[in-house]
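Heads up: the structure comes next, in structure tokens.
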Amino acid sequence: MTSQDLRAVTWTAAAEGGAVPSLSLIDQTALPHALNRLDVTTVDELIDAIVRLVVRGAPAIGAAGGYGVALAMAQGEREGWDRARLDAEVARVRAARPTAVNLMVCVDRVAPLIDAGLPAVLAEADAIVREDLEANHAMGAFGADWLLKRVPAAAERPLRILTHCNTGALATAGWGTALGVIRELHGRARLETVYADETRPLLQGARLTAWELVQEGIPHFVQADGAAAGTILRGEVDAAIVGADRIAANGDTANKVGTVGIALACAHAGIPFVVAAPTTTVDLATATGSDIHIELRGEDEVLEWAGVRTAPAGSRGHNPAFDVTPGSLVTALVTERGVREVSAGELPVGGLS
Ligand code: MRU
């Protein structure tokens, strides 16, 4: 199996003989050392998995949220919940992480079908997964076409692309967003190498992106996040491409902490800074980036390393999981509908409603 075939989130129907239905998640906390699945059967287990980043990445969290409605219905059936309790449990799933709008969008898409019954809810959750997979393949082609057309070096040699965090099959229903574009370039033999930022503090780049790239033999370097700006300014990168957790109506883009520094370096170097995200990540109800709720995670994630304290006992930790890149720094937004260029004088989300 290549990482293209990975499915981070799958539903397992109730088996004969009493086994309850479950949501099967690739345990992303164990990668790259072990490829294990974690089967969750309750709302509490699902929320714990989302909070601990067993399942992570905006579209994958969205898919988990869609199936989370089904999981809550099945648990409610076993435990005799009334409708108010069921709605409250679904609301807890919806609020498990605050920044990626996909979680809210997917729960809100599936929850109205509760009255229609579990098969209808599951069909809608399945549709979310199917559509995300299709969107990712479309984005891959649009993004690769755009880069090959717009990056002058592409006329002479394969491209050197920088990415941040993990936006691959693990973070989505499959294939990936920004990493899908990178896969597509590799598939067309138009990719020289990838600079994969390690992505402090939880190392989604070093652990997950690098693992996906290794599965497919895609040449890459893992570099410290602090190396990214220098690598860009030295001219070693042709373009940066990242994913998004929420894109506000003015194009401001929340993504993994560290992203805005890459965008600033790209602007200084005059190379494209590209965001690839499905339209489910565009939140026209959020006016600007300052309206996006940025998840603040536990201090220990930055004060410790692998469970061992690295900062002095008197230090406090500041651990925002995301930052906001101003829309004016986004050269192009790739969605399943095509590419929007800021250089064409439009905000990247213009016309996406
Ligand atoms: O905290 P994470 O690992 O869920 O953060 C993930 C990111 O920031 C991704 O770049 C984003 O969700 C896009 S995934 C296609």
Subject >> Breaking point among (1) under 15 Å from Ile61 (Cβ atoms); (2) buried (at least 16 other Cβ atoms within 10 Å of the Cβ), for Asp108 >> reply: (2)
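Mind telling me which of the residues Ala224, Ala171, Ala244, Ala239 ends up being surrounded by fewer than 24 Cβ atoms within 10 Å (Cβ to Cβ) and among the aliphatic types (A, V, I, L, M)? Break it down stepwise before answering.
Details: Ala171 fails: surrounded by fewer than 24 Cβ atoms within 10 Å (Cβ to Cβ); Ala244 fails: surrounded by fewer than 24 Cβ atoms within 10 Å (Cβ to Cβ); Ala239 fails: surrounded by fewer than 24 Cβ atoms within 10 Å (Cβ to Cβ).
Every option except Ala224 fails the conditions.
In segment 165-220, which residues are part of a helix (DSSP H, G or I) and away from the ligand (no atom under 16 Å from the Cβ)? Let's see the steps before the verdict.
Residues of segment 165-220 part of a helix (DSSP H, G or I): 169-171, 178-187, 204-215.
Selection gives Leu185, His186, Gly187, Val214, Gln215.
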Original post:
What do you reckon, is Glu131 surrounded by fewer than 18 Cβ atoms within 10 Å (Cβ to Cβ), out of contact with any Cys (no Cβ under 7 Å at 6 or more places or on another chain) and farther than 14 Å from Ile50 by Cβ?
Top reply: yes
Original post:
Out of (1) assigned to a loop (DSSP other than H, G, I, E, B); (2) surrounded by 22 or more Cβ atoms within 10 Å (Cβ to Cβ); (3) away from the ligand (no atom under 16 Å from the Cβ), what's the single condition that is false for Ile232?
Top reply: (1)
**OP:** Any residue in segment 238-259 that's on the phi > 0 side of the Ramachandran plot: show its pairings with residues that are modelled with pLDDT of 95 or more and among the acidic types (Asp, Glu) at Cβ separation under 8 Å, as long as the two are six or more apart or on different chains.
**Re:** Gly258/Asp197; Gly258/Asp225; Gly258/Asp323
Original post:
How many residues are in a loop (DSSP other than H, G, I, E, B) and either β-branched (Val, Ile, Thr) or within 16 Å of the ligand (Cβ to nearest atom) (or both) if we restrict to segment 135-164?
Top reply: 2
Original post:
Are there any pairs, at least 6 apart or on different chains, whose C-beta atoms fall under 8 Å, with the first in segment 194-207 and in the same structural domain as Thr167 (by TED's automatic domain parsing) and touching a residue at least 12 places away in the same chain (Cβ under 8 Å) and the second part of a strand (DSSP E or B) and among the acidic types (Asp, Glu), and if so, which?
Top reply: Gly205/Asp197
Subject >> Any chance Leu162 is in contact (Cβ under 8 Å) with a residue 60 or more places away in the chain, aliphatic (A, V, I, L, M) and crowded, with 24+ Cβ neighbours inside 10 Å >> reply: yes
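Looking at Gly226, Gly168, Gly174, can you tell me which residue is at pLDDT 95 or above and out of contact with any Leu (no Cβ under 8 Å at 6 or more places or on another chain)? Walk me through it before giving the result.
Numbers: Gly168 fails: out of contact with any Leu (no Cβ under 8 Å at 6 or more places or on another chain); Gly174 fails: out of contact with any Leu (no Cβ under 8 Å at 6 or more places or on another chain).
Only one candidate passes the filter, namely Gly226.
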Original post:
For Leu284, are the conditions met, namely being under 28 Å from Ala125 (Cα atoms) and in contact with a helix residue (DSSP H, G or I) (Cβ under 9 Å, 6 or more places away or on another chain)?
Top reply: no
Subject >> Subset of segment 1-24 that is touching a helix residue (DSSP H, G or I) at 6+ places or on another chain (Cβ under 6 Å) and crowded, with 17+ Cβ neighbours inside 10 Å - its residue that is modelled with the lowest pLDDT >> reply: Ser3
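Of the residues Glu299, Glu341, Glu304, only one is modelled with pLDDT under 95 and away from the ligand (no atom under 13 Å from the Cβ); which?
Details: Glu299 fails: modelled with pLDDT under 95; Glu304 fails: modelled with pLDDT under 95.
Testing whether each residue is modelled with pLDDT under 95 and away from the ligand (no atom under 13 Å from the Cβ) leaves just Glu341.
The values are calculated or read from the model by the stated rules, or taken from the named source; none is laboratory data. What you see is a predicted model, and the numbers here were worked out from it, not measured in a lab. Every residue, glycine as well, gets a Cβ built from its backbone with ideal geometry; the counts of neighbours run over all protein chains shown.
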